[in-house]
Amino acid sequence: MGKIILENIRLFGYHGCMPEEKCVGSHYTTNIEIELNLNQASIHDDLSKTVDYVHLYYLVEEEMKINSKLIEHLAQRIIQRIRKKYKEFIIKHIKVKICKENPPLQGDVDRVCVILDD
């Protein structure tokens, strides 16, 4: 087994329940962790034997462009897209962490994060 991890993907999006969040938007940081068998890729030095992290980045970028009220929903959509795109691989585990930077709270909070494990 092995893991492919994308850390701190920084993108801008319009997610939230408050009307101003849909107009102003916010910065988001996303982390993706995928656990799968990387044995064949490591032996054969063949990209077709693994999940391409470049495609993972673009998948996250595409999903970030689709507005959601909740970042929980966004994280679930990312998990579903990964499973659908890479159904030929046996992916043991997917973990998605999404953080909204400078959330609109009445306090001093750097970010609010959600983690979904599948």
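The values are calculated or read from the model by the stated rules, or taken from the named source; none is laboratory data. Predicted model only: the values in this text are computed from it and were never measured. So basically every Cβ, Gly included, is an ideal-geometry build from the backbone, and we count neighbours across all protein chains shown. Please note that ligands, DNA and RNA were not included when accessible areas were found on the heavy atoms of the full protein model with its side chains. Shrake-Rupley method; radii C 1.70, N 1.55, O 1.52, S 1.80 Å.
Take the conditions within 20 Å of I94 (Cβ to Cβ), surrounded by 16 or more Cβ atoms within 10 Å (Cβ to Cβ), over 14 Å from the mean Cα position of the chain (by Cα) and at pLDDT 95 or above and apply them to L36. Does it pass? Yes: the conditions hold for L36.
Taking the range 45-79 as the range and being surrounded by 12 or more Cβ atoms within 10 Å (Cβ to Cβ) and in a loop (DSSP other than H, G, I, E, B) as the test, the residues that pass are T50, V51, D52, I66, N67, S68, K69, L70.
Please verify whether E20 is of a type outside the set (F, W, Y), exposed (fewer than 15 other Cβ atoms within 10 Å of the Cβ) and not in a loop (DSSP other than H, G, I, E, B), treating the condition exactly as stated. The answer is yes for E20. Open to solvent by 80 Å² or more (accessible area, probe 1.4 Å), touching a Gly at 6+ places or on another chain (Cβ under 9 Å) and at negative phi: which single residue out of H27, H15 fits that description? From the options H27, H15, the qualifying one is H27. Keeping to the range 2-12, report how many residues are under 18 Å from I66 (Cβ atoms) and surrounded by 12 or more Cβ atoms within 10 Å (Cβ to Cβ). Going through the range 2-12 one residue at a time, the tally reaches 2. Between E88, E72, E63, which is of a type in the set (D, E), within 19 Å of I5 (Cβ to Cβ) and either out of contact with any strand residue (DSSP E or B) (no Cβ under 9 Å at 6 or more places or on another chain) or modelled with pLDDT of 95 or more (or both)? Going through E88, E72, E63 in turn, just one is of a type in the set (D, E), within 19 Å of I5 (Cβ to Cβ) and either out of contact with any strand residue (DSSP E or B) (no Cβ under 9 Å at 6 or more places or on another chain) or modelled with pLDDT of 95 or more (or both): E63.
Residue count for the range 65-98, restricted to those that are farther than 17 Å from E20 by Cα, within 16 Å of the chain's Cα centre (by Cα) and touching a residue at least 12 places away in the same chain (Cβ under 8 Å): 19. Among residues of the range 99-116 that are closer than 18 Å to R10 by Cα, those with a Cβ under 6 angstrom from a residue that is open to solvent by 100 Å² or more (accessible area, probe 1.4 Å) and at pLDDT 85 or above, sequence gap 6+ or separate chain, pair up as C99/R111; E101/H27; E101/R111.
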